[in-house]
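Have a look at the structure below before the remarks.
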Amino acid sequence: MTKEADYWFKPRSYGYGAAPTNWKGWAIGLAYVAAVWSMGLAFALTLGEPLDWKNMALWFGGIAVITVPFIWLCRVKTDGEWRWTGGGK
């Protein structure tokens, strides 16, 4: 007996990337959005302080730290490959 792979995403019909297919895909997508939103809120709350390159670098670095693993997980959990598609034939 073989165990079917547990895919959370499927390749998009139009464009590039993937779309969620089950609750796990939606949950990780919502968690990513919540993390980006909270980082943006934390950055906005520091705007009263002098805005310098260190704050900006910290914010961009934080976004990169959560985005790279998110994209990797999405690619690993996609049923198929990511490629540009123009719809069905």
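A Cβ-based charge dipole, computed about the Cα centre of the chain with Lys and Arg at +1 and Asp and Glu at -1, lands at about 360 debye.
Positive end of the dipole of the chain (Cβ unit charges, origin at the Cα centre): among Y16, L41, A64, the Cα lying farthest that way belongs to Y16. Annotation for the stretch 22-86: trypsin sites (Lys or Arg not before Pro) lying in DSSP loop with at most 12 further Cβ atoms inside 10 Å of their Cβ are R83.
Close amide H contacts of K10 (hydrogens built in the peptide plane, cut-off under 5 Å, sequence separation of 5 or more or a different chain): A19, T21, D79.
Report, to the nearest 10°, how far helix 53-76 tilts away from the longest principal axis of the Cα atoms in the chain, using its own Cα long axis and a range of 0 to 90°. Value to nearest ten degrees: 10. Number of Lys-Lys pairs in the chain with C-alpha atoms under 16 Å apart and a separation of 8 or more places or on different chains: 4. Angle of helix 23-45 to the longest C-alpha principal axis of the chain, folded into 0 to 90 degrees and rounded to 10: 10°. Evaluated on the stretch 20-76, the Kirkwood hydrodynamic radius is 12.6 Å, with distances taken between all distinct Cα atoms.
Read-outs: derived from the displayed coordinates by stated rules, not from any lab. Just so we're clear, the structure is a prediction, and the values are computed from it rather than from any experiment. FYI the Cβ positions are ideal-geometry reconstructions off the backbone, even for glycines, and counts take in every protein chain you see.
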